[in-house]
Each structure stands twice: as C-alpha cells, then as structure tokens.
Amino acid sequence: MDLPGRTIVTYCVSRENQAMNRIAKPLVLAVIILGTAAAATRAIPAKQNSGAPQAKPERARIAFSQPLPPMKGENLRAVLVEVNYGPGESSLPHTHPCPVIGYVLEGALRTQVKGEPEAVYNAGESFYEPPNGIHLVSANAGKKDSAKLLAIFVCDTNANLSSPVPASKSSGVN
C-alpha cells in the first residue's frame, strides 16, 4: 500500500499460531489504547504558569472509548496511520474496510461520513468511523495551519486500508 506523506505502523497476528492469538488479541488492543494515550499526551498543550499552584497532570486518561463491531480475529491487526493535511487540503471520497478511530494531533479536521452530519475535530479530540462508511469529507478545517491526524485501524483482513469511492456512490449527503 502506498500512502505518500503517511507513517504506518502495523502489528499482525498470524493465523498459523493459534495459541499466540489468545495472547496477541489483548496485546493488539493494548497497543491501540497505549498508542492513543501516547498521542493524547503529546497533543495536550502545556498550560501557562499563572503563579498559582497547579494540580499534577493526569498520567493517563481515557481519550476515547468505542465498542467495535464483531470481528473474526484470525488475522487481527492494528495499523496506525499518520495523515498530514496542508492548509486547505482534503482527500477525495473514500471508504475503509475496518473500523477507524481518529485522533487529531494538530490543527483541526473537518470530516463527514455519508448519512452523518459534518463535524470539525480539534487537536486532542477523537472520533469513530464505522467500517465501509463512505467518507464524503476528510479535510483540513484550517486555511493557514496544517492538520495532523492519527488514524487507528483495527482490521481482521489484509484488504487495502483505503479505497476510492465512485462518484455515483459518493453523491448526496444522506
């Protein structure tokens, strides 16, 4: 898969080693949670010193929680994709075969899945995209600053992570 300007980290669980799958499935979920927490920690801006004593920052917090659809789990893998949008940039309509949790690292992201209202997510915010949803809008909400998104795919197939959507399927908002 060629995704220019994207950083991809993949963890795969092989079908051949079923005993390892019992250990690896929780490990994959832990990697997702820890990766999201690490990204959240990196994206939280430092607070200005007002001279008053400040409470100790949380070491860990739940940034987002979402039940996932049923999956076979035989080829379960987590893929973290860093997506960078320059000022005003966007992606063409597309779809993903896997559920995706998005975490905005920098800037603001404008997004819409067909049938859902358009939304803007700012640095430090998370969102969920169901598998096979048609992503009508995926764009930098800013005209002057870049936006950076960490897309966390939870897949049980080896399909392409993103596929273009023909114009006939992407027309119309609902």
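Among the numbered conditions (1) under 12 Å from Leu150 (Cβ atoms); (2) surrounded by 17 or more Cβ atoms within 10 Å (Cβ to Cβ); (3) at pLDDT 90 or above, the only one that Ala39 does not meet is (3). Listed conditions (1) of a type outside the set (Lys, Arg); (2) without any contact (Cβ under 8 Å) to a residue 24 or more places away in the chain; (3) farther than 18 Å from Phe64 by Cα are all met by His96, apart from (2). Against the conditions (1) of a type outside the set (S, T, N, Q); (2) assigned to a loop (DSSP other than H, G, I, E, B); (3) modelled with pLDDT under 90, Gly124 satisfies every one except (3).
Within the stretch 136-168, the residues that satisfy the criterion of being in a strand (DSSP E or B), closer than 27 Å to Ser65 by Cβ and not small (Gly, Ala, Ser) are Leu136, Val137, Asn140, Lys148, Leu149, Leu150, Ile152, Phe153, Val154, Cys155.
Take the conditions (1) within 14 Å of the chain's Cα centre (by Cα); (2) surrounded by fewer than 16 Cβ atoms within 10 Å (Cβ to Cβ); (3) closer than 18 Å to Leu161 by Cα; Leu80 misses just one of them, which is (2).
For every residue, the table says whether it meets (1) in contact with a strand residue (DSSP E or B) (Cβ under 6 Å, 6 or more places away or on another chain); (2) closer than 17 Å to Phe153 by Cβ.
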site	(1), (2)
Pro70	no, yes
Leu76	no, yes
Glu82	yes, yes
Val100	yes, yes
Val104	yes, yes
Ala108	yes, no
Thr111	yes, yes
Gly115	no, no
Glu118	yes, no
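Counting only strands (runs of 3 or more DSSP E) that sit wholly inside the stretch 68-114, those with at least 1 residues that are farther than 25 Å from Gly124 by Cβ and out of contact with any Pro (no Cβ under 7 Å at 6 or more places or on another chain) are 77-85.
The values are calculated or read from the model by the stated rules, or taken from the named source; none is laboratory data. This one's a predicted model, so the numbers in the text were calculated from it and none came from an experiment. Every residue, glycine among them, receives a Cβ derived from its backbone with ideal geometry; neighbour counts consider all protein chains shown.
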